[in-house]
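In what follows, a structure is listed as structure tokens, so that the remarks can point back to it.
The values are calculated or read from the model by the stated rules, or taken from the named source; none is laboratory data. Remember, it's a predicted structure, so these values are computed and weren't measured experimentally. Cβ placement follows ideal geometry from the backbone for every residue including glycine, while neighbour counts extend to all protein chains displayed.
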Amino acid sequence: MLFGLSWDTDHGELAFAISILPILLRGLLVTLEASIAGFAVALVLGLIFAILKSARSRWISWPAIAIAEFCRDTPLLVQLFFLYYVLADIGIILPAFLTGALALGVQYSAYMAEVYRAGIEAVPKGQREAAHALDLTNARTFTHVILPQAVPRVVPALGNYLVSIMKDVPVLSVVTVLEMLNVAKIIGDQTFDYIVPLSMVGGLYLLLTLVASTIVRLIDVSLPKTGLPLR
Amino acid sequence: MSWVDYLKPLSQGAWVTVQLAVFSTLLGGVLSFAAGIGKISSNWAIRSVAIVYIEVFRGTSLLVQLFWLYFALPIAGAAIGLDLRLPPVEAGVAALGLNIGAYGAEVVRGAIQAVRPAQHEAAAALNFTRRQALWRVILPQAIPEMMPSFGNLAVQNLKDTALASLISLGDLSFRAEQIRNYTQDSTTVYTIILFMYFGMALVLTALMRLLERTVTRWQRAGS
């Protein structure tokens, strides 16, 4: 019994598989929510890292580079445990789901920062010079000239990281988040049948990543190649 | 217990992590070339096996693969009368190697296909067999292109070894969790192992750079 739904172990493998599908799909929903929450954190943190790393002052850029490298080179699992236990120790009690989303975001922010940097650098230098000649402020140049041209270039790479995040969500099961793999593991623990639930999770994951990468490709195709239209 | 006392059990765990990383990276390396070359083979049977392997292991989560090999495979084996119970170390190395191998295969395929077509034509004109062309003309040019991606994948794999602690393999993360259960001193333990993993990643990156210098030696010798 999970999420108020029970399974059927008396009528063969197929009946069992059908009975646990709705339960696994509830887990899948949690997986999607965690992916999107983690992705949102990574998008914001990544942009902050990208801006700090390209700062003119070394006192800002070097620590930012070191911290981003540290986030990228340490395991998600350990970062997750760190946040889960250490935040609690210093009195910040977050629900497991939010801690998980935060850990995913921290881990992927370092990758995202590189994507943003590549996108921004790919905007021709003449664009910046033209904006300068037209007397636009730095902030306005960034938001109205650079970003609209950089975003379409980085969408596919960002989308691929969203797919990667989805595949990392099962790690969150260690802090009791009831995502799809955790649900399958609990079903296995209680019915002693691991093959069916774990194989179904594998199949659902294949489907999920296939659909997600197709959507990313469609978005990529439909974006204007020369920059986003403003208004 | 002060933090110095943690270092002995943690370094034992770190040694397990190093072994796990080395063996799974080697397995992954072999699989990368097998599946990467297999995917562009002219034999459709080899091609389909390679494609299915790559898609399945890239399309699902590593933790799902690890749990499947550790929890489900023994039951599947029992059903067909085979003993497929894997000890945690074997299951860990197999899952990590299979996973990173699938990512590596795409790198190998990409690098081979990036070699200029004229090189293939020249090899054919010089009467090389397909095998000779691959080993003596194509791969020596493709391997240097693979190295930066391989470096990233090796670090990725090192980080992924932490997941093996979830199938009760006594690696660095597992030891840390044990110490935390015993002392409740989570901040110290996890700070130490974050830096230990970071140190290992830096060493690994340096080693991959060294390997890159070795395989690109002929490029400098030629010019």
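Remarks
- Selection from region A:83-99 of residues that are facing chain B (nearest Cβ under 10 Å), part of a helix (DSSP H, G or I) and among the β-branched types (Val, Ile, Thr): A:VAL86
- Qualifying residue in region B:129-139 (condition: under 22 Å from the mean Cα position of the chain (by Cα) and among the charged types (D, E, K, R)): no
- Subset of region B:101-114 [hydrophobic (A, V, I, L, M, F, W, C) and surrounded by fewer than 18 Cβ atoms within 10 Å (Cβ to Cβ)]: B:ALA114
- From A:ASP189, A:ASP220, residue being surrounded by fewer than 17 Cβ atoms within 10 Å (Cβ to Cβ), among the acidic types (Asp, Glu) and more than 14 Å from every other protein chain (Cβ to nearest Cβ): A:ASP220
- Flag if B:GLY38 is more than 9 Å from chain A (Cβ to nearest Cβ), touching a residue at least 12 places away in the same chain (Cβ under 8 Å) and within 17 Å of the chain's Cα centre (by Cα): no
- Contact annotation: residue pairs with Cβ atoms under 7 Å, 6 or more positions apart or on different chains, pairing a residue in region A:195-208 that is facing chain B (nearest Cβ under 7 Å) and among the β-branched types (Val, Ile, Thr) with a partner that is part of a helix (DSSP H, G or I) and surrounded by fewer than 17 Cβ atoms within 10 Å (Cβ to Cβ), are A:ILE195/B:ALA76.
The rows are residues; the columns are (1) buried (at least 20 other Cβ atoms within 10 Å of the Cβ); (2) facing another protein chain (nearest Cβ under 9 Å); (3) assigned to a loop (DSSP other than H, G, I, E, B).
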site	(1), (2), (3)
B:VAL52	no, no, no
B:GLU55	no, yes, no
B:ARG58	no, yes, no
B:GLN65	yes, yes, no
B:PRO74	no, yes, no
B:VAL89	no, no, no
B:LEU96	yes, no, no
B:ASN99	yes, no, no
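- In summary, A:LEU104 fulfils each of the numbered conditions (1) within 14 Å of another protein chain (Cβ to nearest Cβ); (2) of a type in the set (A, V, I, L, M); (3) buried (at least 18 other Cβ atoms within 10 Å of the Cβ); (4) farther than 19 Å from A:VAL169 by Cα with the single exception of condition (4).
- Taking region B:112-223 as the region of interest, the helices (runs of 4 or more DSSP H) fully inside it that hold 2 or more residues being β-branched (Val, Ile, Thr) and at negative phi are B:139-160, B:172-183, B:186-215.
- Within this structure, B:PHE174 passes the test of being over 19 Å from B:GLY151 (Cβ atoms), surrounded by 13 or more Cβ atoms within 10 Å (Cβ to Cβ), aromatic (Phe, Trp, Tyr) and in contact with a helix residue (DSSP H, G or I) (Cβ under 8 Å, 6 or more places away or on another chain).
- Hits in region B:154-205 (condition: among the aromatic types (Phe, Trp, Tyr), more than 18 Å from the chain's Cα centre (by Cα) and at the interface with chain A (Cβ under 9 Å from one of its Cβ atoms)): B:TYR190, B:PHE195
- Qualifying positions in region A:165-180 - surrounded by fewer than 23 Cβ atoms within 10 Å (Cβ to Cβ) and more than 10 Å from every other protein chain (Cβ to nearest Cβ): A:VAL175, A:THR176, A:LEU178
- When region A:66-82 is limited to residues that are touching a Phe, Trp or Tyr at 6+ places or on another chain (Cβ under 9 Å) and more than 9 Å from chain B (Cβ to nearest Cβ), the one that is farthest from B:THR188 (Cα to Cα) turns out to be A:ALA68.
- Checked against the criterion of being in contact with a helix residue (DSSP H, G or I) (Cβ under 9 Å, 6 or more places away or on another chain) and at pLDDT 95 or above, the candidates A:LEU5, A:LEU104, A:LEU52 yield just one match: A:LEU104.
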